[in-house]
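Taken together, the values in this text are just the output of simple stated rules run on the coordinates, not laboratory data. Predicted model, so just to flag it, every value in this text is computed and none were measured. Every residue, glycine as well, gets a Cβ built from its backbone with ideal geometry; the counts of neighbours run over all protein chains shown.
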Amino acid sequence: MVAGQVSGSFTHALGAALYEESSYAPDGSLSSGTLADYLIPTMMEVPELRILHHESPSPFTPLGAKGVGEGNCMSTPVCIANAVADALGIEDVTLPITPAKLAAHIHGAEPAPKTPPVAQKASTAKAGERALTGSGKAVVDAPRQQIWNMLLDSATLMSVIPGAHNVEKVGDSKFHADVTLGIGPVKGRYKAKIKLSDMKEPDSITLSGGTEGALGSGHGTGFITLTEADGKTTVAYTYEAAVGGKIASIGGRLLDGAAKVVIGQFFEALASKASGRRASPLMSLIRRLLALLGVSR
C-alpha cells in the first residue's frame with residue numbers, strides 16, 4: 001500500500017511538473033476540456049522507481065503515523081524544476097515545463113519572419129463562445145447544376161444533413177431545420193435558421209444562420225463554390241462559426257474534429273445521393289474513425 005501511494009504521488013507530481021496545463025482560446029473559452037488536450041502522464045512516461053524506506057515515528061501525532069504521498073506531490077516538481085534550471089543555466093522555470101517553454105532557452109529567440117504575417121480576420125465569437133473555422137473540398141460524381149439544385153431542395157437536405165429531423169423551406173432563400181447533434185454525452189436537439197445569399201447559379205453560394213437548443217447556441221457563415229470538370233463537381237467550402245453554452249466547454253481539438261466529421265458526413269451523403277448509390281456502412285465507419293483521429297484519406 002505504501003509503495004502504491006509513493007508511486008501514485010510521484011506520477012501526480014510528474015504530471016504537474018511536465019504535462020498538465022489548462023489552456024484557453026483567444027476568445028476566453030477553455031481549449032483543454034478533454035484528455036486529448038489536457039495531457040496527463042501514463043505508465044509509459046513514468047520511470048520505474050527505486051523506493052528506499054526509512055521508518056521513523058512522527059513526534060507530532062499520537063500514534064507516530066505520517067503520510068507517505070504528500071512529500072512527493074510537493075517536492076518532486078521542485079526537484080525537476082531545479083534540475084532543468086541548473087541544466088540550462090537559468091534562474092527559474094514555470095511549471096509545467098513544456099517543450100514550447102524551453103524552446104527559447106535551448107534554441108534562442110525565434111527570428112522575425114522574412115515576410116510580414118497576414119493579418120488575421122477578427123473572430124465573430126462572443127465572450128464565452130468557442131470559435132470554429134475550417135475549409136475543405138469534396139468531389140461529387142454529378143454535374144454542377146444537379147448539385148446546385150440539391151443544395152436548394154429541402155427534401156434532399158433533410159436526407160443528407162446528419163441528425164436532421166425536418167428541413168422546411170420558408171422562402172426563396174430561407175430554411176428552418178430541426179436537427180440532433182452532439183459529441184459523446186453532450187447531445188441535444190437544435191432549431192436552426194439558415195439564409196442563403198450571394199447566389200451565383202451554379203457557381204457559388206453563401207450560407208449564414210444560427211441554432212438554438214437546450215445545450216447551447218451557435219451562429220456562423222459558410223461559403224461554397226462548385227467547379228465542374230469531366231462530369232464531376234468539386235465542392236469547395238470554407239466556414240466560420242461560434243458555439244456557446246454547454247457544448248462550448250468541450251475541448252477545442254475534439255470540437256474542431258467533430259465539426260469536420262459532421263461536415264464530412266454531409267458531403268459523403270450528398271455525393272452518395274447525387275450518384276444514386278448508398279455509402280458502404282463499413283467504409284463510412286472507417287472514414288469517421290480516421291477523421292476523429294485526424295487522418296485524411
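Going from the residue with the fewest nearby Cβ atoms within 10 Å to the one with the most, SER31, SER208 rank SER208, SER31. Phi-derived couplings, Karplus 6.51 cos²θ - 1.76 cosθ + 1.60 at θ = phi - 60°, listed residue by residue for the range 52-61: 9, 8, 9, 7, 7, x, 7, x, 9, 10 Hz, with x used for Gly and Pro. Between LYS66 and ALA109, the C-beta separation translates, for a Förster distance of 51 Å, into a calculated FRET efficiency of about 0.60.
Of all lysines in the structure, those lying under 24 Å Cα to Cα from LYS191, and not within fewer than 8 positions of it along the same chain, are LYS126, LYS169, LYS174, LYS246, LYS260. In this simple spin-label approximation, MET74 and LYS193 carry label points 7 Å from Cα along the Cα→Cβ vector, and these lie 5.8 nm apart. Subtracting the Cα-Cα distance of THR180 and GLU48 from their residue separation scaled by 0.36 nm leaves 42.8 nm. Taking other residues whose beta carbon is less than 12 angstrom from the beta carbon of LEU18, and scoring Lys, Arg as +1 and Asp, Glu as -1, yields -2. Counting neighbouring beta carbons within 10 Å and listing from fewest to most, the residues VAL160, VAL186 come out as VAL186, VAL160. Over all pairs of different C-alpha atoms in the chain, the reciprocal of the mean inverse distance, the Kirkwood hydrodynamic radius, equals 23.5 Å. Modelled spin-label separation between SER56 and GLU168, with each label point placed 7 Å from Cα along the Cα-to-Cβ direction: 7.9 nm.
Full extension of the chain segment joining ASP153 with THR225 gains 24.2 nm, where the gain is 0.36 nm per residue of separation less the Cα-Cα distance. In this entry, the range 83-234 is assigned a mean projected area of 15.5 nm², taken as a quarter of its C-alpha convex hull surface.
Helices of the chain meeting both criteria, an alpha-carbon length of 30 angstrom or more along the long axis and an average Kyte-Doolittle score not below 0.5, with helices taken as full DSSP H segments, are 252-275.
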